[in-house]
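Accompanying notes for the structure given below.
The values are calculated or read from the model by the stated rules, or taken from the named source; none is laboratory data. The shown structure was predicted, so the numbers you read here are calculated from the model rather than taken from an experiment. Positions of Cβ are generated from backbone atoms using ideal geometry, with glycine treated the same way; all protein chains shown enter the neighbour counts. For the accessible areas, the whole protein counts, side chains as well, though only heavy atoms, and no ligand, DNA or RNA atoms are used. Shrake-Rupley method; radii C 1.70, N 1.55, O 1.52, S 1.80 Å.
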Amino acid sequence: MGRREEYPRPDFVRDEWMSLNGSWDFYLGDRKLEIQVPFVCQSALSGIGERIREDFVVYERSFRVPESWRDREILLNFGAVDYSCRVFVNGRMAGEHSGGQTPFSLDITGLLNWEDEHMRVEVTDPLKDESIARGKQFWEDEPKFIWYTPSTGIWQSVWLEPADRARFRRIHFTPDIDAGSVRIDYHVTEETRFPCRVSIAVTKDGKPVFEGTMECCEARQSITVDVFHKKALKGAFHYMGSYWSPEEPNLYDVSMSLAEEDIIKDQVRSYFGMRKIEVREGKIYLNHKPYYQKLILDQGYWKEGLITAPSDEDYREDIRKAKAMGFNGCRKHEKVEDPRFLYWADRMGFLVWEAMASFWMYTPDSAAAFMKEWTDVIQRDYNHPCIVVWGMLNESWGVPAVGNDRMQQAFARSLYHLAHSLDDTRPVISNDGWEMTDTDICAFHSYRHGKEGDVRQQNIFRAALKSVEAMADIVERPLFAPGSAYEGQPVVLSEFGGISVSEEEKGWGYTSAGKDLFLNVYGRLIDDIYESDVICGFCYTQLTDVEQEINGLLTEDHEYKFDPAGIREFMDRKQ
């Protein structure tokens with residue numbers, strides 16, 4: 001069995017907490033089973049491993065709250081539950097949540113009896129509803145083509161923590177490498193007695209950078225902290241090697257406390273990275289230098305755990321292996337990944353293009369639900385320096401008529417502006433692949449690179465990479481939706497490849513090559529891309545095999561198919 005006992009929210013850490021992962025009762029129709037949370041019932045690690053047809057399931061368990069927490073409020077936290085749920089404690093409703101990708105927290109203090117507590121979680125996941133954000137989870141009975149086994153219910157950690165009525169709700173860090181500072185925006189509960197005091201300590205590698213206390217007179221306030229001690233010269237001065245990048249993932253640790261009348265009410269630990277990502281002059285810049293995006297498409301699936309990694313170490317290993325093959329980041333595909341993955345990407349230096357799980361059928365209700373969940377994603381993951389792009393839609397999924405439907409075009413544009421209204425520090429792509437509307441990056445997809453021996457198609461692919469106009473020859477749909485056009489944005493081939501190593505294997509790839517020829521084919525594609533003066537990055541499909549899709553550089557057990565040095569040799573031809 002897998003175990004997920006690490007602290008689930010690494011950029012907002014409270015030291016006192018209690019995991020509720022592990023064995024729960026699970027009700028499926030009229031059957032009572034045992035399930036291992038946070039693994040969904042369709043996964044082997046859940047202890048059930050059953051493809052279900054029910055849209056409604058129930059979880060139950062008992063727990064005891066430590067007696068030492070009695071005088072504080074008790075928060076019940078869920079990392080993610082797919083898709084909507086209602087939570088009851090001791091027979092009374094604690095709250096509800098909708099959206100399968102985002103966390104929620106419930107104050108259950110008034111529902112506790114301080115003996116054996118009983119919790120019931122009722123989950124509704126409409127398996128055949130194409131209007132909800134479901135990503136790669138297939139609505140038919142068996143997975144096929146690019147669609148995978150669905151995941152129902154709790155798929156990220158569940159935990160309790162004690163907190164005072166006066167506490168931090170949210171802390172956001174916005175670095176400014178030009179000024180050498182970081183703006184810290186914090187939000188405390190409205191029940192806090194004002195004025196209160198907020199103390200902040202910033203350290204790097206255990207050495208003090210800043211320490212101070214400020215009076216807080218309202219629920220939302222901010223402070224700008226001088227990190228580089230006035231030694232930054234508009235980004236030109238690399239202060240003590242303290243920028244964040246994949247090559248040097250420098251992080252600053254932060255401890256913040258909230259006090260009323262000299263009594264500390266809340267303490268939270270977090271971190272940030274000093275880095276700047278921007279687009280200009282047709283390139284993507286990291287810390288004022290053009291930075292070539294060498295990305296791998298990452299579905300975030302595991303053979304035994306489906307959308308939940310068997311262990312925290314599995315996130316770390318995926319990043320280590322991707323970097324060993326020469327990739328400097330990933331494009332997360334159709335899934336908002338567990339915060340633990342983002343934590344390791346921050347620590348190890350790995351770029352992330354974050355994406356939401358798509359819905360498939362456009363309705364005003366599905367659009368509204370998607371926007372609400374996307375807002376929660378940005379709020380949750382704002383602090384992670386590894387995230388350098390917000391990408392919402394993929395290949396017009398959910399907006400199939402974006403080419404001629406004004407409502408769908410308006411929706412795609414509104415997503416772009418919504419993301420920028422919540423975060424003005426990162427580039428945004430509203431529809432990755434084709435039929436783009438407003439976008440900071442021209443991100444296009446093509447698998448028309450030609451099979452081995454098809455020299456004509458290979459030449460078409462190579463020529464198409466030389467100009468934006470020619471790219472239409474290798475893209476399934478127009479690059480831009482009507483009313484939008486290329487305006488000099490950086491160009492990234494954000495999906496290509498997808499090569500399986502043998503046609504004899506059970507499964508498929510966009511093209512195939514024998515294992516002895518794979519590196520030759522891979523090298524040809526990378527060389528074709530590197531020869532383009534227009535393209536400033538790529539994303540290869542994909543990191544791992546997933547069920548019937550066998551076009552990964554790693555197996556579905558996340559093991560190398562090839563010597564990573566062989567892959568890296570081609571990747572390193574362009575710095």
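Points worth noting:
- Selection from the range 555-575 of residues that are surrounded by fewer than 15 Cβ atoms within 10 Å (Cβ to Cβ) and aliphatic (A, V, I, L, M): Ala565
- Scan the range 1-22 for residues that are modelled with pLDDT of 95 or more, open to solvent by 20 Å² or more (accessible area, probe 1.4 Å) and in contact with a Leu (Cβ under 7 Å, 6 or more places away or on another chain) and the total you get is 2.
- Among the residues of the range 183-212, those that are surrounded by 13 or more Cβ atoms within 10 Å (Cβ to Cβ), over 22 Å from Leu251 (Cα atoms) and either under 28 Å from the mean Cα position of the chain (by Cα) or among the acidic types (Asp, Glu) (or both) comprise His187, Val188, Thr189.
- Any chance Gln409 is in contact (Cβ under 8 Å) with a residue 24 or more places away in the chain and surrounded by fewer than 16 Cβ atoms within 10 Å (Cβ to Cβ): no
- Residues satisfying the stated conditions in the range 250-266, i.e. under 20 Å from Asp381 (Cα atoms) and crowded, with 17+ Cβ neighbours inside 10 Å: Asn250, Leu251, Tyr252, Val254, Met256
Residue-wise test of (1) on the phi < 0 side of the Ramachandran plot; (2) out of contact with any Gly (no Cβ under 8 Å at 6 or more places or on another chain); (3) basic (Lys, Arg).
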residue: Ser467; (1), (2), (3): yes, yes, no
residue: Glu495; (1), (2), (3): yes, no, no
residue: Trp508; (1), (2), (3): yes, yes, no
residue: Lys515; (1), (2), (3): yes, yes, yes
residue: Val546; (1), (2), (3): yes, no, no
residue: Thr555; (1), (2), (3): yes, yes, no
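Conditions (1) in a helix (DSSP H, G or I); (2) open to solvent by 60 Å² or more (accessible area, probe 1.4 Å), marked per residue:
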{"site": "Trp24", "(1), (2)": "no, no"}
{"site": "Tyr27", "(1), (2)": "no, yes"}
{"site": "Gln36", "(1), (2)": "no, no"}
{"site": "Glu54", "(1), (2)": "no, yes"}
{"site": "Val58", "(1), (2)": "no, no"}
{"site": "Ser68", "(1), (2)": "yes, yes"}
{"site": "Asp71", "(1), (2)": "no, yes"}
{"site": "Leu76", "(1), (2)": "no, no"}
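- For the range 111-150, the candidate set comprises residues that are of a type in the set (D, E, K, R) and not in a loop (DSSP other than H, G, I, E, B); within that set, the residue that is least open to solvent (accessible area, probe 1.4 Å) is Glu117.
- Pick from the range 519-564, criterion more than 18 Å from Lys294 (Cβ to Cβ) and of a type in the set (A, V, I, L, M, F, W, C), ranking: nearest to the chain's Cα centre (by Cα): Val546
- Selected residue (criterion: surrounded by the fewest Cβ atoms within 10 Å (Cβ to Cβ)) from residues of the range 376-397 that are outside any loop (DSSP other than H, G, I, E, B) and of a type in the set (D, E, K, R): Asp376
- Out of Gly523, Gly552, Gly537, sole residue that is free of Cβ contacts under 8 Å to residues at least 40 places away in the same chain, open to solvent by less than 40 Å² (accessible area, probe 1.4 Å) and either outside any helix (DSSP H, G or I) or not aromatic (Phe, Trp, Tyr) (or both): Gly552
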